[in-house]
1. Looking only at region 81-98, filter to residues that are in contact with a strand residue (DSSP E or B) (Cβ under 6 Å, 6 or more places away or on another chain) and of a type in the set (G, A, S); which one of those is surrounded by the most Cβ atoms within 10 Å (Cβ to Cβ)?
2. Go through region 45-71 and report how many residues are in a helix (DSSP H, G or I) and under 13 Å from the mean Cα position of the chain (by Cα).
3. Are any of the residues in region 104-114 more than 10 Å from the chain's Cα centre (by Cα), assigned to a strand (DSSP E or B) and among the β-branched types (V, I, T)?
4. Being at pLDDT 95 or above and either among the charged types (D, E, K, R) or closer than 20 Å to A47 by Cβ (or both): is that true of R90 here?
5. If D119 satisfies all but one of (1) of a type outside the set (G, A, S); (2) crowded, with 17+ Cβ neighbours inside 10 Å; (3) under 30 Å from R22 (Cα atoms); (4) in contact with an Asp or Glu (Cβ under 8 Å, 6 or more places away or on another chain), what's the number of the condition it fails?
6. Consider D119 against the criteria (1) acidic (D, E); (2) modelled with pLDDT of 95 or more; (3) under 25 Å from E46 (Cβ atoms): it satisfies all of them except one. Which criterion is unmet?
7. For region 1-36, give me each residue that is surrounded by fewer than 14 Cβ atoms within 10 Å (Cβ to Cβ) and in contact with a Leu (Cβ under 6 Å, 6 or more places away or on another chain).
8. When you look at R140, is it assigned to a strand (DSSP E or B) and within 18 Å of F78 (Cα to Cα), yes or no?
Amino acid sequence: MSDPLMIPCAHCGGLNRLPSARLDDAPRCGYCKQPVLNDAPFALDEAGFARQARGDLPLLVDVWAAWCGPCRAFAPVFEQAAARLRGRCRLAKLDSEAHPRLAGQLGIRSIPSLLLYRDGREVARQSGALPLPQLLDWLRGQGIAPLP
């Protein structure tokens with residue numbers, strides 16, 4: 001039997017206890033019945049940030065703004081990465097214009113910025129838009145292997 005993971009739902013924030021061996025089985029949230037793991041990034045806000053960052057699966061946050069050209073160019077790359085990382089890492093987007101206080105608390109100085117969290121702590125940071133192969137290589141260097 002595999003070790004259970006505590007994973008917050010991207011939709012309602014409810015904590016779900018899931019066996020690690022069943023992450024590829026499209027588990028549903030015990031509270032809202034939505035998929036716990038998504039093939040697309042989810043929106044992050046101040047209210048849910050701490051809970052999402054503390055989940056047992058790593059959390060990769062893309063800090064962006066609508067007026068930022070490189071952010072808009074990077075958005076499809078981040079979405080492609082979400083599909084390749086399902087069950088290995090959760091991907092979220094934080095709109096720095098809508099949540100400036102949280103962006104400030106996170107020490108965001110430029111956008112787009114990528115922040116990687118494990119067990120509630122930031123473990124890596126990357127500034128600037130990356131092409132998909134470079135993003136996946138960066139994550140491999142952090143111990144997160146994408147799906148083929």
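The values are calculated or read from the model by the stated rules, or taken from the named source; none is laboratory data. What you see is a predicted model; the values in this text were computed from it and never measured. Note: ideal-geometry Cβ built from the backbone for every residue, glycine included; neighbour counts use all protein chains shown.
1. Of all residues in region 81-98, those in contact with a strand residue (DSSP E or B) (Cβ under 6 Å, 6 or more places away or on another chain) come to 82, 89-94, 96.
If we keep only those that are of a type in the set (G, A, S) as well, we get 82, 92, 96.
Working: A82: 22, A92: 24, S96: 20.
Taking the candidates together, the pick is A92.
2. If we filter region 45-71 for residues that are in a helix (DSSP H, G or I), which is where we start, we get 46-53, 69-71.
With under 13 Å from the mean Cα position of the chain (by Cα) added as a condition, the list becomes 48-53.
Result for region 45-71: 6.
3. no
4. Values: at pLDDT 95 or above: yes; either among the charged types (D, E, K, R) or closer than 20 Å to A47 by Cβ (or both): yes.
Yes: the conditions hold for R90.
5. All conditions are met except number (2).
6. If we test D119 against (1) acidic (D, E); (2) modelled with pLDDT of 95 or more; (3) under 25 Å from E46 (Cβ atoms), just (2) comes out false.
7. Correct list: M6 only.
8. Working: assigned to a strand (DSSP E or B): no; within 18 Å of F78 (Cα to Cα): yes.
So R140 does not fit the description; no.
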